[in-house]
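Taking it in order: structure first as structure tokens, then the write-up.
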Amino acid sequence: MIPTRYRRLSGPLLLLAALAAISGCGDSPQGGSDALSGTIQIDGSSTAFPVSQAVAEEFRKEQPHVQVNVGVSGTGGGFKRFTVGETDISNASRPIKDSEREAAAANGIEFIEMRIGTDGLSVMVNNANDFVDCLTVQELNAVWKPGSTIDNWQDVRAGFPDQRLRLYGPDTDSGTFDYFTEEINGEAQVSRADYTASADDNVLVQGIAGDRGALGYFGYAYYQENQESLKVVAVDGGDGCVTPEPSTIEDGSYKPLSRPLFIYVNSSSLEKPEVKAFVTFYMDHGYQLTEEEGYVPVERSIYEANKAAAGL
């Protein structure tokens, strides 16, 4: 299940909205003159998806005639669309790469980077796993590095049982994949390839939850939403085992897998009233909604600085 709140209007409210539309007196929920229309295209990170989706749902309550489409093609996949002008906003679980900046510039795309929160990239095993509570960065590297042939838990650490090990993780278009491989393997995009890969974190959740020998990773919010069927593993980055949770993600003690979340906004899209209103709404409500979706929001002053950078 996607970790976000799908709130819908009740029957009476739908009836009122329909009557307002028929009467022509209510282009906005209050019948005012500030009603907007149009379509906003968002794509990118599955990790940042829940926040943008939650913002879109709340925004639609105020502007029901604006369609906000939020896709999930991974950070890299989102940037491929964003840098050619196909989308207005790109969700990202890593900063934009130089090559992506160059692609945007070549296509005349100017943009504004907006930090929205922090995630603790989380390592997962099946809930029935009773022998692993913590893994070191070195052990994770031994499993995930290119050329690794480890396929049994007994080869991860002496004392682990003779049990088949099967791996689950994001695909190569994912910012989560980029971040994990850079921090664990020393270089982004460098990883063994023989694992179950998906751009949809829910597929990974289901795979790990149904496989007693599983080991995988994805964003913290997806663990929070599915913690009854998954077991999170602490990571030892050199200073002892630390479990991801809001406090350790925020203070940086969960290392090296705490990472930033962003949205990137096409500057020309901000000339459209509906996009300008949406981004303003995002920055005004981002703190609360980022927190509600299981991530650590940035300081409120950062949201204000984002607005200033965009001239909002």
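The values are calculated or read from the model by the stated rules, or taken from the named source; none is laboratory data. Because the structure is predicted, anything quoted here is derived from the model rather than measured. Cβ: placed from backbone, ideal geometry, glycine included. Neighbour counts: every protein chain shown. Surface areas here come from the heavy atoms of the whole protein model, side chains and all, with no ligands, DNA or RNA. Shrake-Rupley method; radii C 1.70, N 1.55, O 1.52, S 1.80 Å.
So which strands (runs of 3 or more DSSP E) stay within region 107-222 end to end and still have 1 or more residues that are open to solvent by 50 Å² or more (accessible area, probe 1.4 Å) and among the charged types (D, E, K, R)?
It comes to 111-120, 166-170.
Only one of these is at pLDDT below 95 and not hydrophobic (A, V, I, L, M, F, W, C): Ser73, Ser90, Ser99. Name it.
Ser73
Working only within region 223-246, note down all residues that are at positive phi and open to solvent by 60 Å² or more (accessible area, probe 1.4 Å).
Gly238 - this is the single residue of region 223-246 that is at positive phi and open to solvent by 60 Å² or more (accessible area, probe 1.4 Å).
Taking the stated definitions as given, is Asn202 polar (S, T, N, Q) and either modelled with pLDDT of 95 or more or farther than 19 Å from Ala92 by Cα (or both)?
No.
With under 20 Å from the mean Cα position of the chain (by Cα) and not assigned by TED's automatic domain parsing to the domain that holds Arg212 as the only criterion, which of Ile89, Ile109 stands out?
Ile89
Across region 91-109, what is the total count of residues that are under 12 Å from Gly175 (Cα atoms) and not charged (D, E, K, R)?
Final tally of qualifying residues: 5.
Would you please list the contacts, defined by Cβ atoms under 7 Å and residues six or more apart or on different chains, that run from a residue in region 299-312 that is at negative phi to a residue that is open to solvent by 70 Å² or more (accessible area, probe 1.4 Å)?
Listed by first residue and then by second, the contacts come to Ile302/Arg115; Leu312/Lys276.
Just the residues that are β-branched (Val, Ile, Thr) and more than 13 Å from Thr176 (Cα to Cα), please, taken from region 34-51.
Selection gives Thr39, Ile40, Ile42, Val51.
Take Lys255 and tell me if it is open to solvent by 50 Å² or more (accessible area, probe 1.4 Å), of a type in the set (Lys, Arg) and in contact with a helix residue (DSSP H, G or I) (Cβ under 8 Å, 6 or more places away or on another chain).
Answer is no for this residue.
Any idea which residue in region 241-262 is nearest to the chain's Cα centre (by Cα), counting only those that are assigned to a helix (DSSP H, G or I) and farther than 24 Å from Val132 by Cβ?
Of everything passing the filter in region 241-262, Glu250 is nearest to the chain's Cα centre (by Cα).
Only one of Val265, Val279, Val275 is of a type in the set (A, V, I, L, M, F, W, C) and assigned to a strand (DSSP E or B); which?
Step by step, each of Val265, Val279, Val275 is checked, and only Val265 is of a type in the set (A, V, I, L, M, F, W, C) and assigned to a strand (DSSP E or B).
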